[in-house]
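Reviewing the structure listed below.
The values are calculated or read from the model by the stated rules, or taken from the named source; none is laboratory data. None of these values were measured; they are calculated from a predicted model. Here Cβ is always computed from backbone atoms with ideal geometry, including for glycine, and neighbour counts include all displayed protein chains. The accessibility values were calculated without ligands, DNA or RNA, using every heavy atom of the protein model including side chains. Shrake-Rupley method; radii C 1.70, N 1.55, O 1.52, S 1.80 Å.
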Amino acid sequence: MSTLYSPNCSSSVSYSRLAISSSSSSSSSSGYQQRITVSSLSERFHNKNVSLQYPRNQRRNAVRMQGGEVDVTASLPANDTLVTRFKDELLKIKSSEECNDAASSDFKEESTVSITVVGASGDLAKKKIFPALFALYYEDCLPKHFTVFGYARSKMTDAELRDMVSKTLTCRIDKRENCSEKMDQFLKRCFYHSGQYDSEENFAALDKKLKEHEGGRVSNRLYYLSIPPNIFIDAVRCASSSASSTNGWTRVIVEKPFGRDSESSAALTSGLKQYLEEDQIFRIDHYLGKELVENLSVLRFSNLIFEPLWSRQYIRNIQLIFSEDFGTEGRGGYFDHYGIIRDIMQNHLLQILALFAMETPVSLDAEDIRNEKVKVLRSMKPLLPDNVVIGQYKSHTKGGIKYPGYTDDKTVPKDSLTPTFAAAALFIDNARWDGVPFLLKAGKALHTKRAEIRVQFRHVPGNLYNKSFGTDLDQATNELVIRVQPDEAIYLKINNKVPGLGMRLDNSHLDLHYAARYSKEIPDAYERLLLDAIEGERRLFIRSDELDAAWKLFTPVLKELEESKIIPEYYPYGSRGPVGAHYLAARYNVRWGDLGA
């Protein structure tokens, strides 16, 4: 099977490239990939005002070949050296490594990227950010000149930071042989500076260290705010005034939560925009960096069989399901302040919904895609409390093991009503999706860990084989399942005849299992998003108006739940969640697709 080749990594700086690509790949190890990049060549000719067009008096000769091909030859002046020079330059490029250097050698010599992880001693930095940066370095996706700085209030030396980081680094399976060498090289580029998040003086000292490592090159700076949201603005103010780049770009990655409601979110956005432009703010939702989520638009817009079916005419309902098989486990203090709706549903699931339901964008440009997502969010009907079910897990004994309830967590108040489970039915008020329920479900301490999108199609009208399925027509429903995690896969449920002399039907799967089809390991979502931020690619980041539209949808129902002190329905740890979620689905003649999983 032929595969379209796309390089693992783009160049680490934002500039246009012209690439000549040839590839042949398969799931076997014998596949090969080649890529020749000639951006530096075209740039050289462009800078010298050399035209690649044929002279007007040049004659072209077309000759019909024996096999039917047309050979076009052109007579060049004897003293024309342009094609010769171009050919000579092409022949000098022999490998992907050399072409990466050739494509931007001049620019890289003059620029550097400084990545500062603010809150470097926290769990997110240790478990996700530093490992993702190392993975990018391991895959040769970072620029030639880069530096990683950790910044936090904890007192720590460079050596202590490197020791902390080294314990969480892992290497790609297919390049394990040079892991130690790569790890040592990466750690040598990691440094630490201790300081307060609201101290301009401390950030000025950081700026001094950054300049020492930048060595007079054009400095591009990326700040990752891995800190509580209540100190975002202080950190941005100090970084902007005392440690921003003076001759390159400065960008800031902001982690969720982006407020608790419309009012607090707007205040946060306003505070950030006092010191940053919108295009400097990268609001990260790591679920948008998941491989299967990014594949949504490819699946839909590049396959003719799906796009015509992507509407109310053929789709009965869409289910977005997120479940974890563990509880808060000591993180209850943070979780209790937000709850499952703010933590998962208002951002992760709603962003996936917008990507799924949007109209075809004008192009793959970030703004065109985000424009379509905003249209979806603004077209959604108000979320009514009657269309929301909340729950909270309680202690449960299974197999002789007692699992604690949510309020058994010492960091959670004993009388907490914070939901650990929520299900909601949402509707989009437009011509494509009118009347189609989008069912969202998210919960902790459930029977399994999964994140998936389930598209249930309508029943076949006048189905000749209804008798073979009895009275339960749902057994005959086609369903497209996109399993985001774990064990990534895409499969389509179809009806099929069981081999034999009789006429017996069953439900079978057309299955694309990523681990079986692709030998390459799937990158972590943080790797993709960090690389996009370095390159200035905003397609997978949330724009301020997207955020406003999302909060406008959920804020009224959140206030209603909290002000009325709605008691959540309790469900046992390790179960399938509250019974109320099944009644909610049944109200719209829907059965949750994960029940039989």
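Tabulated data
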{"read-out": "Which numbered condition Gln185 misses (of (1) open to solvent by less than 70 Å² (accessible area, probe 1.4 Å); (2) over 24 Å from Asp532 (Cα atoms); (3) of a type in the set (S, T, N, Q))", "value": "(2)"}
{"read-out": "Residue satisfying all of: in segment 498-529; in contact with a Lys or Arg (Cβ under 7 Å, 6 or more places away or on another chain), open to solvent by 50 Å² or more (accessible area, probe 1.4 Å) and outside any loop (DSSP other than H, G, I, E, B); farthest from Ile453 (Cα to Cα) among these", "value": "Asn507"}
{"read-out": "Qualifying residue in segment 157-178 (condition: part of a strand (DSSP E or B), of a type in the set (A, V, I, L, M, F, W, C) and either at pLDDT below 90 or closer than 19 Å to Tyr223 by Cα (or both))", "value": "no"}
{"read-out": "Close pairs (7 angstrom Cβ cut-off, 6 or more residues apart or separate chains): touching a residue at least 24 places away in the same chain (Cβ under 8 Å) in segment 117-132, in a helix (DSSP H, G or I) and open to solvent by 30 Å² or more (accessible area, probe 1.4 Å) anywhere", "value": "Lys126/Met164"}
{"read-out": "Boolean, Glu307 is surrounded by fewer than 22 Cβ atoms within 10 Å (Cβ to Cβ), over 24 Å from Pro486 (Cβ atoms), among the acidic types (Asp, Glu) and touching a Lys or Arg at 6+ places or on another chain (Cβ under 9 Å)", "value": "yes"}
{"read-out": "Among residues of segment 411-458, those that are part of a loop (DSSP other than H, G, I, E, B) and touching a residue at least 60 places away in the same chain (Cβ under 8 Å), counted", "value": "20"}
{"read-out": "Pair list, Cβ under 6 Å, 6 or more apart: segment 552-576 residue closer than 22 Å to Ser379 by Cβ, other residue crowded, with 18+ Cβ neighbours inside 10 Å and of a type in the set (Ser, Thr, Tyr)", "value": "Lys552/Ser262; Thr555/Ser262"}
{"read-out": "Filtered residues of segment 550-574 (kept if out of contact with any Gly (no Cβ under 9 Å at 6 or more places or on another chain), assigned to a loop (DSSP other than H, G, I, E, B) and surrounded by 14 or more Cβ atoms within 10 Å (Cβ to Cβ))", "value": "Ile566, Gly574"}
{"read-out": "Residue among Ser219, Ser241, Ser245 that alone is surrounded by fewer than 17 Cβ atoms within 10 Å (Cβ to Cβ) and either in a strand (DSSP E or B) or of a type in the set (Gly, Ala, Ser) (or both)", "value": "Ser241"}
{"read-out": "Hits in segment 330-364 (condition: within 19 Å of Leu440 (Cα to Cα) and in a loop (DSSP other than H, G, I, E, B))", "value": "Met358"}
{"read-out": "Scan of segment 419-465 for residues that are open to solvent by 10 Å² or more (accessible area, probe 1.4 Å), hydroxyl-bearing (Ser, Thr, Tyr) and farther than 22 Å from Arg483 by Cβ, ordered by number", "value": "Tyr465"}
{"read-out": "Selection status of Gly327, among the small types (Gly, Ala, Ser) and crowded, with 18+ Cβ neighbours inside 10 Å", "value": "yes"}
